[in-house]
1. Apply the Debye scattering formula to the chain, with a single equal point scatterer on each alpha-carbon and no solvent, then give log10 I(q)/I(0) at q = 0.05, 0.07, 0.11 Å⁻¹.
2. Which length gain, in nm to one decimal place, applies between H564 and I61 when the Cα-Cα distance is subtracted from 0.36 nm times their residue separation?
3. Could you tell me what a quarter of the Cα convex hull surface of the range 156-345 works out to, in nm² with one decimal place?
4. Counting residues in the range 2-70 as N, plug N into 2.2 N^0.38 Å and put the Cα Rg over that result.
5. Label N25 and A427 with points 7 Å out from Cα along Cα→Cβ: what is the distance between them in nm?
6. Distances longer than 19 Å among the Cα atoms of the range 588-723: what percent of all pairs is that?
7. Along the Cα→Cβ direction, 7 angstrom out, place labels at E725 and E399. What is the inter-label distance in nm?
8. Percent antiparallel among DSSP beta bridges with both residues in the range 563-687, to the nearest 5?
Amino acid sequence: MIETRETFCRFCHAACPIEVDVEFNAGAVTGAGAGAGARVETAVAVRGIPDDPLFEGYTCIKGRQLADQHHAPDRLRAPLRRDSHGTFQPTTSGDALDDIATRIGEIIARYGPRAVASYTGTGAFQNSISMPATVAFHAGIDSPSFYTSITIDQPAHLTARLRMGAWEAGWQNFRDADVLMAIGYNPLVSSYAPSGGLQGTNPFVTLRRAKARGMKLIVIDPRRSELATSADVWLQVKPGEDPTLLAGLINVILSERLHDIDFCNEWVAQLGELTAAVASFTPEVVSARCEVDADLVVEAARLFAAGPRGTAGTGTGPNMAPHSTLMEHLALTLNAICGRVNREGDRLESGSFLNPGDTRRAQVSAPSDPAPGTPHRVKGLKGMPGEMLTNVLAEEIMEPGEGRVRCLIVCGGNPVVAFPDQHKTIAAMRDLELLVVIDHRMTATAELAQYVLPPRLELERADVPTVMDRRFAAPYVSYTPAVLVPEGDLLSEWEVFAGIAARLGTKMPLAGGDLPLDGTANDEMMLDLAYGNSRMPMAEIRSKRSTIQEHLAITVMAATPGPHARFAVAPPDVIAELSVVSTEQTGAEVIDGFDPDSFPFRLISRRLKHVLNSLGRELPGLARVGTTNAAYMHPHDMAVIGVETGDLIEISSPSGSIIGVAESSDTIKRNVVSMAHSWGGSVTDEHVREHGSPTNRLCTVDSGYDPLNGMAVQSAIPVSIRRHEPVQPQPQPGRRVASP
Ligand SMILES: Nc1nc2c(c(=O)[nH]1)N[C@H]1C(S)=C(S)[C@@H](COP(=O)(O)OP(=O)(O)OC[C@H]3O[C@@H](n4cnc5c(=O)[nH]c(N)nc54)[C@H](O)[C@@H]3O)O[C@H]1N2
Ligand SMILES: Nc1nc2c(c(=O)[nH]1)N[C@H]1C(S)=C(S)[C@@H](COP(=O)(O)OP(=O)(O)OC[C@H]3O[C@@H](n4cnc5c(=O)[nH]c(N)nc54)[C@H](O)[C@@H]3O)O[C@H]1N2
Ligand code: SF4
Ligand SMILES: [Mo]
């Protein structure tokens, strides 16, 4: 029999509604451990839902592979334990949890709770009850060593906001923006955008409608991205020079007095200091440094300032380049000086239904300590609110002394191909006393683990869209029950943490109360507890799923009477860093061992539609699009180096080398190579056409990192490129790359 069930996709964060055709043997016994006669369910088809009020049927190629993903022949179906010979042997979840809990108990007894760390990666962000359970587990054992992919992604969003102060009611909405400035993000591929940006909810149609109503689009990107193709002004910035460019835009706006003077008088502090600090960033200086036309810089500044509504926002590109917190600060400053905030009476675009029932006032929440978290033992860095910095995790593992991390639970992540400095990351993973990986695939990281615990995948669990809750382009309510009976000895992420906590005798405190650890908990109870303080109660969320609740949108309240805080647009460390930037020549000086002659190229990150970081290329329907992360280069650069599309090139940074497959694209700026991350494995060079290569091997955590949040340089990496002459000629057939 076949039944069609409605749910939403969780291959990525975007939560596109889908319907799934599920084939099952009618009359069979259902439920875990049902044994012989158990119900076997197979997802056979996945489609978008055309009459969904927000997404209007939109899905992407990844989501349409969910059936294959769930039933992939090599999907892990039972826990694996590495034996004394280093070989993985199947085991049961009960035995695995017993041993893991015993070893964690010993580690806590010997070294203290800080020695027990976890890393939540992108996979776990797609499960709304994973991170709350992980945080609750850490609270229960009193360990601050909670790490996530946020701190190797765009931590500057939070760091800059804390330092500058934030507008409680947020930046203006996208839906009625007159102008949008997109700085290094590309939602047509990534389905991801900063607040006020074009979100991943049916992005192509949404963009077309916005352009049709007259919205002007300014894109800052070293390549003509899918988004830049629709831009009114495209600034093809030299990678790593965004701080220079943004300082230049602010300079034009302030010197032509195009800013919102009334708003600044009331809400912006240090405007005089800011004006002085950006004065040297003239259009001519910016033009020379960023390699963009000076007139275009002026045009972009005037177009943005003209508004009257619409925001500037940044994505992964410049957030991974040098001076990332400064860059983000300058982007937020553009919004602040142009008064692009939601005012009293305005309604917020997304519903924030899963978040606590906060009031949003039209006022600045005061600037505060940008690094308020737990101090690290290395580099003098401090954590973010509630989490530590992933870029120093390898050192927290390797550095002897009190507080050293000895156990790591990797929850839906792949550090070996994702963390900057691959060699150091691998050494750290090997140095651990216990590495547990929760993943449904044997990844480059899982290969180094003592235990690999396969989770239930998305169709097999109840969920709400946590990442999108504050990003939906409308007050859209979403929830799904589990729509597929799982097969195998699988543990959802929360069940791993609850299983360990139960054995250790520690608690798991959640917003709605402690999670019962007696085996009675399930996904729905986890949702109730994890979102126990949500603005819309979970019961109501379940009953209103897939609807837009316009009348429940948050309306901005008046400011609290009395004295109020202001945006700090030019604190002393911003002025000092701007002055450093003004003396730099190339934006890459922050990397030790850099010199402009040896490293004339910049390697920039990008995302590919058919994979999600390291996930996807194992599925036949996605591998058909491409099996390597091609190194896209301008044809003239390729001619200079003497390579053609398909040739191998050696890409070297001051700290490492990889082999890439060259691919010609005239959308890329000269002296730039554009490549997706998280491909390849720990040793891949000889199979680069089949597996790609890990760009994180080119990154260092020893220099160039952000002084406040430790963010390493993962884009705009200075590199040299030359033709690779393999010792043995490589076979050509089978090479497939995606078109840019
Ligand atoms: N040089 C460079 N480095 C980068 C970046 C870059 O642009 N350039 N990007 C950075 C960014 S933004 C990020 S977010 C990180 C990515 O870093 P990670 O999040 O660590 O890497 P992913 O490859 O996304 O790993 C996700 C894993 O989750 C697994 N998974 C999928 N679904 C599930 C599930 O339901 N449950 C569980 N438990 N696992 C699941 C997948 O199989 C996959 O192995 O990389 C960062 N590194
Ligand atoms: N299909 C797909 N979707 C994804 C992912 C994926 O792997 N595949 N990953 C997910 C994750 S983990 C994240 S964090 C989001 C990220 O979402 P986005 O931030 O939108 O990521 P990208 O699509 O890589 O867009 C970054 C853009 O920045 C440009 N860029 C690179 N370096 C610089 C620079 O120095 N300056 C400027 N101005 N631009 C630069 C690149 O050319 C690229 O067009 O996407 C998510 N969505
Ligand atoms: S954008 Fe694609 S992968 Fe992401 S949720 Fe939508 S269909 Fe799934
Ligand atoms: Mo990310």
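The values are calculated or read from the model by the stated rules, or taken from the named source; none is laboratory data. These numbers were taken from a predicted model, which means no experiment stands behind them. Cβ atoms come from the backbone with ideal geometry, glycine included; neighbour counts cover every protein chain shown. Ligands, DNA and RNA are stripped out before the accessible areas are found, and what is left, the full protein with its side chains, is counted by its heavy atoms. Shrake-Rupley method; radii C 1.70, N 1.55, O 1.52, S 1.80 Å.
1. -0.24, -0.47, -1.27
2. Values: separation 503, 0.36 × 503 = 181.08 nm, distance 4.86 nm.
So the extension gain works out to 176.2 nm.
3. On the way: hull surface 39.3 nm².
Its Cα hull, projected and averaged over all orientations, spans 9.8 nm².
4. Values: Rg = 13.9 Å, N = 69, 2.2 N^0.38 = 11.0 Å.
The range 2-70 yields a ratio of 1.27.
5. Here the answer is 5.3 nm between the modelled labels.
6. On the way: 4445 of 9180 pairs.
That fraction is 48 percent.
7. Calculated label separation equals 4.4 nm.
8. Numbers: 9 of 17 bridges.
So the antiparallel bridges in the range 563-687 amount to around 55 percent.
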